[in-house]
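Right, one structure below, let's go through it.
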Amino acid sequence: MSEASNPVSMIEISNLVKNYGSKFAVDDISFKVSTGEIVGFLGPNGAGKSTTMNILTGCLSSTSGEVKVGGIDILENPDEAKKLIGFLPEQPPLYVDMTVDEYLNFVYNIKSCRLNRAKHLEEIRKVTKIDDVKNRLIRNLSKGYRQRVGIAQALVGNPPVIIFDEPTVGLDPKQIIEIRNLIRSLGKTHTVILSTHILSEVQSVCDRIIIINDGKIIADEKTENITQVVDDNRRYLVKIAGPMREVTAALKAIPGVVTVDLTGEREMDSYVYSVEASKGVDVRKPIFYAMAEKNWAILGLQVAQMNLEDVFIRIMDKASR
Ligand code: ADP
Ligand code: MG
């Protein structure tokens, strides 16, 4: 029932493992991606993102596990499976002595593409906004334009799945916005997986977030669920003059307070505490009365919106416990 009732699964990774000696770069990862989804693969450097993507795209062998793209096993039928995938690796395979046009024609040839050459390549140049540099040497292009050419080569052959490995690394803020918009618009007609170590990137582009750390998946959630966690919690930064351990204990004892952490900011005998409160609870007055009772002065109190970074750290904390 399960397989037959879910024919829209475009990517299926089951129990994927990749080890280098005793180091497990990927340690038993399983997930599915449905047709049309934009999934963010989020994790710190060294988490195993590139290794997973390189295996998924048939560029690297696995130690064990199964990878299917469009129902085709990447190990058994690599050529067939690869036709379904466009890949932008961490280091795009650009030939800098070619012009953009020469390079795209070269990619067209090695992919044995059958679509109308001129029309197809022009369409790609338009979508990726590189038509105006088509006769320029890749060597002379800015990093932002090179990344567009990298995306353009992934689109040759019109594959239904596109995999981006850290697509905005090294770009300036304006270029980052442009590339994100491009990925978002490609997501309307493609199944997309994008890896990043930047939280706002997945939040702004992806439907779903898979968080990976140390080769393992530690969360797999709809983006809105993670955003919900962000919205549901309020964090306060409170500067209090008083004995640190006792202040911490007193703050923790206040109903509605979920966590109390030191921010590391300190001035004489006062410390800045990060106090997280549960949904709908305003702990500011209770903090005031609790501190006043002990004669500890509140020197500052401000509301800090919880961001995805906080959520990430919290998930990592839970996973390592
Ligand atoms: P990410 O892309 O998330 O930064 P990677 O997939 O590149 O992480 O790497 C995951 C882990 O595997 C890292 O600890 C990395 O050092 C290790 N690793 C990757 N490739 C090799 C290799 N060829 N030989 C040994 N260790 C490797
Ligand atoms: Mg990587």
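The numbers here are math on the coordinates, done by the rules we state, and not lab data. If you're wondering where the values come from, they're calculated on a predicted model, not measured in any experiment. When we count neighbours, we look across all protein chains shown, and the Cβ atoms used for this are built from the backbone with ideal geometry, even at glycine.
Data for the structure
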item	result
Listed peptides 236-242, 192-198 by packing density, highest first (mean Cβ within 10 Å)	192-198, 236-242
Hz values of 3J(HN,Hα) by residue in region 204-209 - Karplus curve (6.51, -1.76, 1.60), Gly and Pro given as x	7, 10, 9, 7, 9, 10
Under 5 Å, built H, 5+ apart or other chain: amide partners of Glu265	Val272
Contour minus Cα-Cα distance for Asp131 and Ser204 (0.36 nm per residue)	23.6 nm
The chain: proportion of alpha-carbon pairs further apart than 25 angstrom, %	59
Burial ranking of peptide ranges 29-36, 85-92, 282-289 (average Cβ count within 10 Å, highest at the top)	85-92, 29-36, 282-289
HN-Hα J in Hz across region 81-90 - Karplus 6.51, -1.76, 1.60, θ = phi - 60°, x for Gly and Pro	5, 5, 5, 8, 10, x, 10, 10, x, 4
Ile38 long-range amide H proximity, modeled H, under 5 Å	Val192, Asp207, Arg208
Label point distance in nm, Ala253-Asn105, each placed 7 Å from Cα along Cα→Cβ	7.9
Cut-off under 5 Å, modelled amide H: who pairs with Arg234 long-range	Ala277
Whether region 25-75 is rounded, prolate or oblate, judged on the alpha carbon gyration tensor where a/c under 1.5 counts as rounded	oblate
At 1.002 mPa s and 20 °C, Stokes D of region 235-305 from Kirkwood alpha-carbon radius, µm² per second	182
Residue-by-residue Karplus 3J(HN,Hα) for region 146-160, coefficients 6.51, -1.76, 1.60, Hz, glycine and proline x	4, 5, 5, 5, x, 5, 4, 5, 5, 7, 5, x, 6, x, x
Cβ-derived FRET efficiency at R0 51 Å, Leu115 paired with Arg266, nearest 0.05	0.20
